[in-house]
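**Student:** For reference, the structure I am asking about is given below.
Each value in this text was obtained by applying a stated rule to the coordinates, not by laboratory testing. These figures come from a predicted structure and were not determined experimentally. No Cβ is skipped: glycine too gets one built from the backbone with ideal geometry, and neighbour counts run over all protein chains shown.
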Amino acid sequence: MPRQLVRPILMIAVSFLIFAGVLWVIDPVNGFFTLIGPASADQSYRYAAKPVGLDGPAGQCVVCHSIEKNGPMRVAPGLWGIVGAPKAGAKGYGYSRALLEAGGVWTERELNDYLTAPDRFLPGTKKTLLGLPNEKERAELISFLATLKD
């Protein structure tokens, strides 16, 4: 075989092996090697441990916030006791200047306004949520958050 063809064929073969190898993983549940594919409805590989409250009213929140008393700090501060708590009150979290300067405590009314449109309620907030437009869902969420207390 001419030397000019060996190199491209070798590169194609190596690329194929690398690509094929990426698709196969060791899976202790389904067998030694399993082809990566879409997870079925009963499988959940998204979280190492399913966050508490994922299936409840705060399901969207628990991706970033913990709802457990003394729960772990995630990407954002925990929500235990948030209703009536001082704004920007969790230690160890880098709040936006807007929230640090807001002052006061989180009332159910303020949480409603904040969750409706965080940027409109508190311009300059770090909250990436665009808002919860469904009034009923917001009311259920805030009612649930109000129960997270001693």
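**Student:** Give a quick list of chymotrypsin sites (Phe, Trp or Tyr not before Pro) in the range 47-110 that DSSP marks as loop, anything other than H, G, I, E or B, with at most 13 other Cβ atoms within 10 Å.
**Tutor:** Details: sites: Tyr47, Trp80, Tyr93, Tyr95, Trp106; in loops: Tyr47, Trp80, Tyr93, Tyr95, Trp106.
Listed in order of number, the matching sites are Tyr47.
**Student:** Further, regarding this structure: Counting only the backbone N, which residues of the range 120-134 are under 18 Å from the spot 7 Å out from the Cα of Val63 toward its beta-carbon?
**Tutor:** 126-134
**Student:** Suppose each label sits 7 Å from its Cα in the direction of the beta carbon; what would the Arg97-Arg7 distance come out to in nanometres?
**Tutor:** It works out to 5.6 nm between the two label points.
**Student:** Working only with C-alpha atoms, what are the Rg and Dmax values of the range 61-147, expressed in angstrom?
**Tutor:** Cα-based Rg and Dmax for the range 61-147 come out at 12.1, 33 Å.
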